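Scroll down for the structure; my scribbles are underneath it.
What follows is calculated from the coordinates using simple rules that are stated; it is not laboratory data. Here the structure is a predicted model, which is why all the values come from computation and not from measurement. Here the Cβ is made from the backbone with ideal geometry for all residues, glycine too, and neighbour counts use every protein chain on show.
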């Protein structure tokens, strides 16, 4: 059964008028439906460029949402914030964000599908993963529950208007109090499973500020200007201060833990529907805090972990 709408006085392109009339439908979504013949005006199929004058009878026939081929699983997750559009979770170390070969179950998406009522995104019932963090990186992730949120959060990431701050424990004593690493990233030519600073790579910028120094280690705050895969890990290794515990980009002698000591501590964005500025912060996981406390007491547990 289609959605019927009488356009009283809306004027202009049909996709624009309808996106303003129906907050649950995005303009790009409506454009796709119009092109597919799922929108009629006075009984006739139209094009997205059609200009409305007012008084038209419009019928929208949204496609039936497809089920996601992922199994919901009763896995505990730390939900920091949730409403009808957005979900913010504190991902633990060791959890993969999205199903992939070798990780079809036990992921954050499997858990979210079980715990949260999700909407339709790109005509599929699924959580909108707009950004990711590595399996062994802990911390905050924003997840879209509706098409409106998916488009808005993705646009904010692209425009670099959202806030993402990480806490990282790195090797060595960083002498500068702050700095910026502007170096392009791409696949390592010698090992395609790794990333590296390479000529012709994708633009990547990381800003860092020193919070504490422990002699052999330094605690820093990193602000991402771009969000490339393994960005902080590769950038810090590039300036010879690799992350402690990093099994890929770090040294074999390092602090024992559950992988790299990297935590997405703060996340901020504009709410897709209300426009309210939201910001969330979560503490580092217990193993991270334990190592910090030991370093503050002068205890250095560096050892070979590979």
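For the reader, a short list of remarks on this structure follows.
- Fewest neighbouring Cβ atoms within 10 Å first, the residues 141, 87, 169 line up as 141, 87, 169.
- Summarising the strand pairing of the chain, around 95 percent of its internal DSSP beta bridges are antiparallel.
- Euclidean distance between Cα centres, segment 167-215 to segment 240-282, Å: 13
- Kirkwood Rh in Å, taken over all unlike Cα pairs in segment 64-159: 13.4
- Difference of contour (0.36 nm per residue) and Cα-Cα distance, residue 114 to residue 209: 30.4 nm
- Label-reachable residues, segment 1-42, where backbone N falls under 11 Å from a point 7 Å from residue 59's Cα toward its Cβ: 1-5, 39-42
- Nearest-ten-degree value, helix 286-296 long axis tilted from longest Cα axis of the chain: 40
- Counted over all Cα-Cα pairs of the chain, pairs farther apart than 38 Å make up 26 percent.
- Each of 174, 232 was scored by other Cβ atoms within 10 Å of its Cβ. Arranged with the fewest first, they read 174, 232.
- Likely footprinting exposure, 142, 236, fewest C-beta neighbours within 10 Å first: 142, 236
- A simple spin-label model places the labels of residue 178 and residue 84 4.1 nm from each other, with each point 7 Å out along Cα-to-Cβ.
- At 1.002 mPa s and 20 °C, Stokes D of segment 150-306 from Kirkwood alpha-carbon radius, µm² per second: 129
- Solution diffusion estimate, µm²/s, Stokes-Einstein, segment 264-306, Kirkwood Rh from C-alpha pairs, 20 °C, viscosity 1.002 mPa s: 160
- For segment 73-105 and segment 141-163, distance of Cα centres in Å: 17
- Cα-based equivalent ellipsoid of segment 3-60: semi-axis lengths in Å, sorted from largest, via gyration tensor: 14, 13, 10
- Remark on segment 142-224: hydrodynamic radius 15.2 angstrom, per the Kirkwood mean of 1/r across alpha carbon pairs.
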